[in-house]
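Just so you know, all these numbers are worked out from the coordinates, no wet-lab data involved. It should be emphasised that the depicted structure is a prediction, and the values quoted were computed from it without experimental measurement. All Cβ positions, even for glycine, are placed from backbone atoms using ideal geometry, and neighbour counts span all protein chains on display.
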Amino acid sequence: MPKLFRHFNEYSGPWPWPNFAPKEVSCSHCGEMYLDSESMDALQELRDSLGIPIVITSGHRCSAHNKAVGGVESSQHLKIAFDCACPANEQDSFVKKAVEAGFRGIGRYPRRGFVHLDMGPRRQWTG
């Protein structure tokens, strides 16, 4: 069951995603963390299938941060979504593996060098 923490330091207990730290998936503005195991499990599965590190440039965003960066009011980042650094020439294979890992919302940003991943409604777009 998803849970919101005012700061990632409030999380206690086992952290079952060895390739990601709480800080990486939390709001870079204030440290707020929305923890959803479905999203985190898919992220870890994607990492395992790729066999290389995934650099998250944006995870959860608090509402103030989302507004400051021009995010829409219904942004999946207000829960948890991942913008992952990925060069344009690697996005096809990255997206294929992301779909296999279970991600439903996938946005490609080839000119900006990242792919957006979330567990919202099934959709794909290019930005």
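Quick look at the numbers
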read-out: So D83, is it closer than 24 Å to K3 by Cα and buried (at least 19 other Cβ atoms within 10 Å of the Cβ); value: yes
read-out: Filtered residue count, the stretch 40-56, keeping only those that are among the charged types (D, E, K, R) and either touching a Ser or Thr at 6+ places or on another chain (Cβ under 8 Å) or buried (at least 19 other Cβ atoms within 10 Å of the Cβ) (or both); value: 1
read-out: Selected residue (criterion: farthest from the chain's Cα centre (by Cα)) from residues of the stretch 22-71 that are of a type in the set (G, A, S), closer than 18 Å to G120 by Cβ and part of a helix (DSSP H, G or I); value: S63
read-out: Residue satisfying condition, being in contact (Cβ under 8 Å) with a residue 24 or more places away in the chain, under 29 Å from M1 (Cβ atoms) and surrounded by fewer than 18 Cβ atoms within 10 Å (Cβ to Cβ), within set G59, G31, G113; value: G31
read-out: Every residue from the stretch 68-80 that is farther than 22 Å from R111 by Cβ and surrounded by 14 or more Cβ atoms within 10 Å (Cβ to Cβ); value: L78, K79, I80
read-out: Residue under evaluation K96, criteria (1) within 20 Å of I52 (Cα to Cα); (2) surrounded by 15 or more Cβ atoms within 10 Å (Cβ to Cβ); (3) among the basic types (K, R), criterion not met; value: (2)
read-out: Selection within the stretch 46-83 - small (G, A, S) and under 14 Å from C30 (Cα atoms); value: S58, G59, S63, A64, A68
